[in-house]
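Please treat every number below as a calculation from the coordinates, not as lab data. As the structure is a prediction and not an experimental result, all values here were calculated from the model. Glycine also receives a Cβ, built like all others from the backbone with ideal geometry; neighbour counts cover every protein chain displayed.
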Amino acid sequence: MKPSRFVPPAEVPGLAARRIAADILDGVLHKHRTLDEQLDGPAAHPGLKTLPDRDRALMRRLVATVLRRLGTLGHLLSRLLDRGVPTDAPRAQSALLIGAAQILWMDVPDHAAVDLSVRLVQTDRRAAKYAGLVNAVLRRCAREGQPLIEEVRSQMLDLPPWLVQRWVATYGKDTTRAMAEALSFEPALDVTVKSNPESWATRLHGEVMPAGSVRSLIHGSVTMLPGFDEGEWWVQDAAAAIPARLFGDIKGKSFADFCAAPGGKTAQLVQDGANVIAIDRSPNRVARLKENLARLSLEAQTVVADATEWQPGELFDGILVDAPCSATGTIRRHPDVAWLKQEADIGALSVVQKRLLQRAVSLLKPGGTLVYCTCSLEPEEGEHAVDALLAGDSSMRRAPVSTREVAGLSEIVTPNGDIRTLPSHLPHDDPRLGGLDGFYAARLIKS
């Protein structure tokens with residue numbers, strides 16, 4: 001009988017994806033680095049270049065699942081560990097989180113989840129001594145984990161307490177619970193198409209949303225999908241596509257798009273015939289915006305500048321302000337936001353939003369239209385910001401949005417005629433095909 005050949009850890013299928021997932025989780029949970037910066041751009045994890053597409057998709061699912069279920073996982077591990085999660089070896093914590101997430105929510109055999117988590121700690125000098133612990137705890141998780149998470153399902157543990165308290169105060173307990181449930185599912189891929197959404201829904205194996213976006217359950221590299229190289233569509237949540245549609249007929253009109261990168265809303269304005277100047281303060285983000293417009297064969301003038309200090313020397317028919325915000329409405333697509341943002345961030349960002357609004361008003365022609373939007377669920381960054389502007393500037397008035405303008409989606413139109421989308425909106429029999437990012441948008445006219 002031949003002796004079994006020892007396979008070095010780096011050669012074990014799936015281990016590299018899990019090691020990079022552990023590194024990225026450590027970046028989010030201990031170094032306060034966003035997923036975006038670790039997955040893309042100059043500061044991205046160097047190991048991503050060597051991962052095949054399949055392993056890259058697995059790594060993203062691992063990270064997202066852990067972050068979506070982080071509170072529940074913390075409760076579970078506290079029940080299975082007599083002395084709590086080891087604090088002297090971050091890799092042991094990551095291995096436990098990744099292993100438990102696979103056992104409870106992913107289509108990975110339990111034995112593979114346990115084995116690869118043990119191998120993960122064995123490759124780390126500080127964590128290696130916990131290999132036996134990780135093995136024992138994850139085996140218990142496979143046997144006992146499901147009942148332990150069922151007993152806390154109603155407690156909304158997967159959101160930070162400060163955020164739950166805010167949402168309950170703003171939206172009520174039932175709606176907050178519905179939003180928390182919606183955020184627990186990996187969202188579908190939403191794209192905005194240049195034309196013929198029905199045809200693209202067929203080609204992308206998806207369906208057309210009420211307001212015209214196409215939604216698909218296809219996952220993996222979007223660059224490999226039909227129509228990407230040809231520039232026929234761009235990735236954009238169905239809620240994020242609504243604000244740019246509130247201007248009506250914009251052919252030949254002059255527009256400024258504040259905080260424009262990565263350019264989805266700029267692309268919408270250009271596609272609808274506007275002459276657009278897209279402004280963003282980040283050179284890297286403007287470079288990405290240019291790349292996106294080039295792929296789409298769309299043209300806009302781009303400017304690297306702080307929009308609050310920008311001096312264009314002209315006034316505009318329309319201005320879109322997609323203001324920097326706490327981004328709490330994007331947790332379904334960016335689950336790291338829940339654990340990186342703090343309540344104190346909201347007040348600081350509100351100051352920036354106020355300055356952007358005031359600057360936009362000063363650059364708007366009489367009779368011009370301003371659409372202000374944020375991907376935040378916090379009223380200070382939405383309704384309160386607009387109410388404060390209108391109370392202090394008699395030249396501006398609200399132009400209420402009608403239900404007809406948003407394909408009959410009456411639940412997203414507020415009593416004041418603004419737009420407020422929630423993660424729990426557009427429910428679907430398949431929860432992966434339901435939901436929207438949380439967005440606020442208001443349309444204002446200058447007298």
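Taking other residues whose beta carbon is less than 9 angstrom from the beta carbon of Arg215, and scoring Lys, Arg as +1 and Asp, Glu as -1, yields -2.
When DSSP assigns beta bridges and you keep just the ones with both residues in the chain, what percent turn out antiparallel, to the nearest 5? Spell out each step's value before the answer.
Values: 22 of 41 bridges.
Counting DSSP beta bridges with both partners in the chain, the antiparallel share is about 55 percent.
Taken over segment 9-155, the convex hull of the Cα atoms encloses 112 Å³ per residue. Each other residue within a Cβ distance under 12 Å of Gly27 adds +1 if Lys or Arg and -1 if Asp or Glu, for a net charge of -3.
More than 15 angstrom separation, counting every C-alpha pair in segment 192-236; what % is that? Pairs farther apart than 15 Å: 31 percent. Quick one: of Lys49/Lys129; Lys265/Lys446; Lys251/Lys365; Lys49/Lys290; Lys31/Lys173, which pairs are farther than 28 Å apart, Cα to Cα? Distance filter (> 28 Å) returns Lys49/Lys129; Lys31/Lys173.
Under the rule a/c < 1.5 gives rounded, and otherwise a/b versus b/c splits prolate from oblate, where does segment 14-91 land using the Cα gyration tensor?
Details: a/c = 2.12, a/b = 1.81, b/c = 1.17.
Prolate.
Residues in segment 273-286 carry Karplus couplings, in order, of x, 7, 9, 10, 10, 9, 10, 8, 7, 9, x, 5, 5, 5 Hz; the curve used is 6.51 cos²θ - 1.76 cosθ + 1.60 with θ = phi - 60°, and Gly or Pro positions show x.
So what is the relative contact order for the chain, in percent, with contacts set as C-alpha pairs under 8 Å and at least six apart?
Numbers: 776 pairs, mean separation 58.1, N = 447.
Result for the chain is 13 percent.
Relative to the longest principal axis of the Cα atoms of the chain, the long axis of helix 173-183 makes an angle of roughly 70 degrees. Only loop residues by DSSP count here, and only those with at most 11 other Cβ atoms within 10 Å; note down the GluC sites (Glu not before Pro) in segment 148-231 that meet that. Counting only loop positions with at most 11 other Cβ atoms within 10 Å, the GluC sites (Glu not before Pro) in segment 148-231 are Glu151, Glu230. For the chain, adding -39500 (n - 2.57) for each run of n ≥ 4 DSSP H residues and dividing by the number of residues yields -12500 deg cm²/dmol at 222 nm.
Checking the a/c ratio against 1.5 first, then a/b against b/c, what shape does the Cα gyration tensor give for the chain?
Details: a/c = 2.08, a/b = 1.76, b/c = 1.18.
Prolate is the answer for the chain, as a/c is 1.5 or above and a/b outweighs b/c.
Site-free segments of the chain were taken between trypsin sites (Lys or Arg not before Pro) in DSSP loops having at most 13 other Cβ atoms within 10 Å, sites themselves excluded; the longest one is 252-447.
In plain terms, the bigger the Kirkwood radius, the slower the diffusion; for segment 237-446, with that radius from Cα pairs, at 4 °C and 1.567 mPa s, Stokes-Einstein puts D at 75 µm²/s. The angle separating the long axis of helix 161-171 from the principal Cα axis of greatest extent in the chain is about 40 degrees. Overall shape: oblate for segment 287-345, with the ratio a/c of the largest to smallest alpha carbon gyration tensor axis at 1.5 or above and b/c at least equal to a/b.
One Cα centroid belongs to segment 72-111, the other to segment 227-260; the line between them spans 42 Å. Here's how it looks for Gly368: its modeled amide H is under 5 Å from those of Lys446, which are all 5 or more places away or on a different chain.
Stretching Thr308 away from Thr202 to a fully extended chain increases their span by 33.9 nm, per 0.36 nm per residue minus the current alpha-carbon distance. Per the Kirkwood formula applied to alpha carbons, segment 168-309 shows a radius of gyration over Rh ratio, Rg over Rh, of 1.01.
Using 0.36 nm per residue, how much length does the chain from Gln342 to Glu411 gain when fully extended, once their Cα-Cα distance is taken away?
On the way: separation 69, 0.36 × 69 = 24.84 nm, distance 2.85 nm.
Stretched out fully, the Gln342 to Glu411 stretch lengthens by 22.0 nm.
Using the Cβ of Asp429 as centre and a radius below 14 Å, the other residues enclosed give a net charge of 0, where K and R count +1 and D and E count -1.
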